[in-house]
Amino acid sequence: MSKNEKNKNKNKKEKKSVGNSIKAIPMRINLLFFLIFTLFIILIARLYNMQIVHHDFYLKKLEEAGSVTKVVESTPRGQIYDAKGTVLVSNKAKTAVKFTRSNKISADQMRKVAEKLVTIVPGALENEPLTERDKKDFYLADADNLRKVQEATTTDEKYDKKTGDKLSEGSLYALYISKVTDGQIQYSPEQEEAAKIFKRMNATSNFNTTIVISGDLSDVQVATIAENESKLSGISIGNDWDRDYGKTALRPLLGTISSERAGIPAEDLDEYLSKGYSRNDRVGTSYVEKGYEEYLQGTRKISEVYLDKNGNISDTKVLSDGKPGKNVKLTIDLKFQEGVEDILQKHYQEAKNQGIANVSEGAYAVVLNPDDGSVLAMAGLTQNKETGEITKDALQSFTGSFVPGSVVKGATITAGWQYGVINGNETLIDQPIQIAGSPVKQSWFTNGGSLPINAVQALEYSSNTYMLQITLKMLGQPYYSNMGLDLTNKDKVFEELRKTYGQYGMGVPTGFDIPGESEGLVPPADKSSIGSLLDLSFGQYDNYTTLQLAQYAATVANGGTRYAPHIVSGIYEGSDGNALGKEVKSIDTKEVNKVDISKDDMDIIKEGFYQVVHGDSMATAKDISAGESVPISAKTGTAETFATDANGNSVSTTSNNIVAYAPSNNPQIALGVMIPNIASTNSHINQEIGKDIVNLYNSMYGFK
């Protein structure tokens with residue numbers, strides 16, 4: 001077949017295909033019209049069925065149509081116990097007058113109910129504040145008063161002058177409020193009480209319940225309200241609870257909760273609302289109460305209220321029953337806590353009697369289990385330096401920070417190993433350090449001379465110059481007499497030292513399981529001088545908390561693992577009465593980090609801490625060895641500080657601190673003690689307190 005013939009056949013096929021496509025279009029359109037017609041017939045049939053055949057059925061459904069509202073009610077919080085099961089925080093039941101707001105009650109009706117309640121329970125809200133706006137709201141709640149104000153409002157006032165639009169209900173009410181005069185809200189004491197009750201009632205959202213009066217209601221008052229409930233719209237007698245905090249040594253650590261009136265603090269509102277809380281829920285606002293809110297807060301009772309088309313309640317369905325919160329058990333034995341406080345009180349009072357604690361802020365101690373970070377005691381005393389009054393203040397043990405002194409030297413040596421400027425138990429010459437243009441820095445035991453010492457001895461004797469030489473090596477400038485310093489690496493070495501200190505828990509968050517801890521005082525490196533860097537190396541610059549020192553001691557004690565301190569040991573299912581209940585969750589040990597050195601190097605630190613107490617005549621804590629019930633390892637710190645006395649005079653002082661653990665060969669407790677601004681360079685109050693705490697623990701529980 002020729003090429004022309006092939007093209008002719010191809011054209012014939014293409015024309016035939018196009019013709020077939022054109023013929024198919026009307027068929028598709030007809031099919032589409034048919035489907036539309038069919039659907040239209042079905043729709044007409046459905047409408048006929050609804051509007052004609054079943055007209056009465058659907059009309060009744062429309063008439064019965066209403067709405068559903070969800071109501072959430074809180075339940076009592078869980079209780080808090082010490083490590084031995086002693087109740088520290090419970091709930092004290094009390095009678096309450098409750099108001100449940102319907103969607104139909106008017107402000108005028110609520111006002112009349114409030115006025116009636118005042119005659120039955122006078123003075124119940126005597127101490128509650130009442131603002132000018134509250135008084136005006138109460139005035140306008142009276143229907144007659146509202147009508148008078150409305151009649152006194154001109155038509156022009158009811159429209160926006162700029163847009164010409166009618167004012168919204170909110171803007172219109174604000175206008176009415178502005179028209180209430182001071183003379184109209186001059187109330188009698190009884191009227192003010194009624195205004196306070198009305199304020200609480202008016203703040204209640206529809207179908208929710210608010211406690212308007214609670215406390216010591218007499219049987220007669222309760223009976224009178226119960227008998228008149230039909231006349232007191234929305235009012236009923238029920239139960240409420242108050243948080244009952246026992247007056248114990250642990251009270252400050254337990255924290256507080258908000259009142260129903262205050263509800264959720266503004267800064268936490270969004271977070272709690274996202275979790276299903278109501279605005280007026282009582283929540284933990286500090287310390288244990290806040291840290292363990294998710295367990296202590298009970299499970300809410302949730303109901304659905306069904307309304308008919310007229311807004312009347314037609315039915316109520318309970319979706320879930322509420323349950324009281326779970327109980328929380330602390331790691332602290334109240335008796336041991338009290339014993340530690342007594343030790344602080346005894347030695348601090350002795351220092352005051354000697355006249356060396358008059359400008360001191362107080363005394364603080366924290367005891368930890370080095371194997372899991374559980375807090376065994378957290379005690380403190382704070383002194384009012386103007387009056388000399390001493391008060392218990394456990395909170396300052398983790399919120400207050402002070403100069404640590406030489407306790408940090410184990411961490412400084414660690415930095416020397418980590419950054420490769422010393423090796424193992426290396427010997428350096430303890431000698432006076434003279435930097436050009438700066439005062440001489442030297443150790444207490446050389447008296448201007450020189451002495452070869454190794455890392456263990458540097459801890460045992462508390463050598464300042466060993467630490468200074470490590471720091472100079474980290475700067476890349478080994479020491480020689482009257483040397484000048486290149487500051488190029490100053491900030492870098494600041495950060496390196498602090499990074500190492502942080503591995504032990506100093507100057508960083510400890511991971512404490514309740515909110516509020518301080519990270520200490522750590523000024524920016526780039527704002528500090530080279531002298532500040534050198535002071536940092538032996539604990540004379542940054543400030544730390546007592547909890548941070550205790551974590552440092554615990555980290556050394558267990559061989560280099562830093563555990564987050566925790567004050568709660570477990571969560572328990574609440575039961576009737578004061579029984580702790582069954583444990584449902586234990587608080588896991590949380591490892592924060594490991595110190596980045598070898599076991600051999602950590603053993604050098606531990607040997608140095610042991611020799612601090614049990615070494616030769618120059619050991620800095622020999623007093624501890626006399627009277628210790630088990631071998632104690634420690635590192636003392638006596639930082640040079642200044643304080644101001646009552647007359648405004650500057651006084652030379654020392655911050656007497658200690659980190660310790662015991663028994664030395666099998667550590668079971670670790671502790672930090674800080675006594676800032678003691679006006680003596682010879683006081684060993686830190687050593688005595690540390691030793692007595694170890695001995696107290698041994699006498700109460702015995703070391704394994």
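Readers should treat all values here as calculations from the given coordinates under stated rules, not as data from a laboratory. It should be emphasised that the depicted structure is a prediction, and the values quoted were computed from it without experimental measurement. Neighbour counts run over all protein chains shown; Cβ positions are idealised from the backbone, glycine included.
Quick look at the values:
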{"quantity": "Positive-pole candidate from 447, 37, 320, dipole of the chain, charges at beta carbon", "calculated": "37"}
{"quantity": "Calculated Rg and Dmax of segment 554-704 using C-alpha coordinates, Å", "calculated": "19.4, 61"}
{"quantity": "Kirkwood hydrodynamic radius over Cα pairs of segment 346-448, then Stokes diffusion coefficient at 25 °C and 0.890 mPa s, in µm²/s", "calculated": "138 µm²/s"}
{"quantity": "Dipole magnitude of segment 495-636, debye to nearest 20 (Cβ charges: Lys/Arg +1, Asp/Glu -1, about Cα centre)", "calculated": "20 debye"}
{"quantity": "On Cα atoms only, tilt of 546-557 relative to the major axis of the chain in degrees", "calculated": "70 degrees"}
{"quantity": "Segment 66-192: translational diffusion in µm²/s, Stokes-Einstein, Kirkwood Rh over Cα pairs, 4 °C, 1.567 mPa s", "calculated": "68 µm²/s"}
{"quantity": "Two-decimal log10 I(q)/I(0) for segment 421-568, as the Debye equation yields it once each C-alpha is a single scatterer, q = 0.08 Å⁻¹", "calculated": "-0.25"}
{"quantity": "Over segment 329-382, relative contact order from alpha-carbon pairs under 8 Å, at least 6 apart, %", "calculated": "43 percent"}
{"quantity": "Prolate/oblate/rounded label for segment 492-615 (Cα gyration tensor, a/c 1.5)", "calculated": "prolate"}
{"quantity": "Whole-Å distance, taken between Cα centres, linking segment 145-198 and segment 593-615", "calculated": "76 Å"}
{"quantity": "Spin-label model distance (nm) - residue 102 vs residue 495, 7 Å beyond Cα toward Cβ", "calculated": "6.9 nm"}
{"quantity": "Reduced Cα scattering model of segment 245-285, Debye log10 I(q)/I(0), q = 0.29 Å⁻¹", "calculated": "-0.91"}
{"quantity": "Helix 107-120 axis, angle to the chain major axis (alpha carbon atoms, nearest 10°)", "calculated": "60 degrees"}
{"quantity": "For the chain, Kirkwood radius (reciprocal of mean inverse C-alpha pair distance, Å)", "calculated": "31.8 Å"}
{"quantity": "Alpha-carbon Rg/Rh ratio, for segment 178-335, with Rh computed the Kirkwood way", "calculated": "1.02"}
{"quantity": "Dipole magnitude (debye, nearest 20) for segment 369-459, charges at Cβ of Lys, Arg, Asp, Glu", "calculated": "260 debye"}
{"quantity": "Rounded Å value of the spacing that divides the Cα centres of segment 656-704 and segment 616-631", "calculated": "11 Å"}
{"quantity": "C-alpha long axis of helix 189-202 to longest principal axis of the chain, angle in °", "calculated": "80 degrees"}
{"quantity": "Convex hull projection area averaged over all views, segment 467-506, Cα basis, nm²", "calculated": "2.9 nm²"}
{"quantity": "Radius of gyration and Dmax over the Cα atoms of segment 138-242, both given in Å", "calculated": "18.6, 59"}
{"quantity": "Per residue, the convex hull volume that the Cα atoms of segment 606-684 enclose (Å³)", "calculated": "95 Å³"}
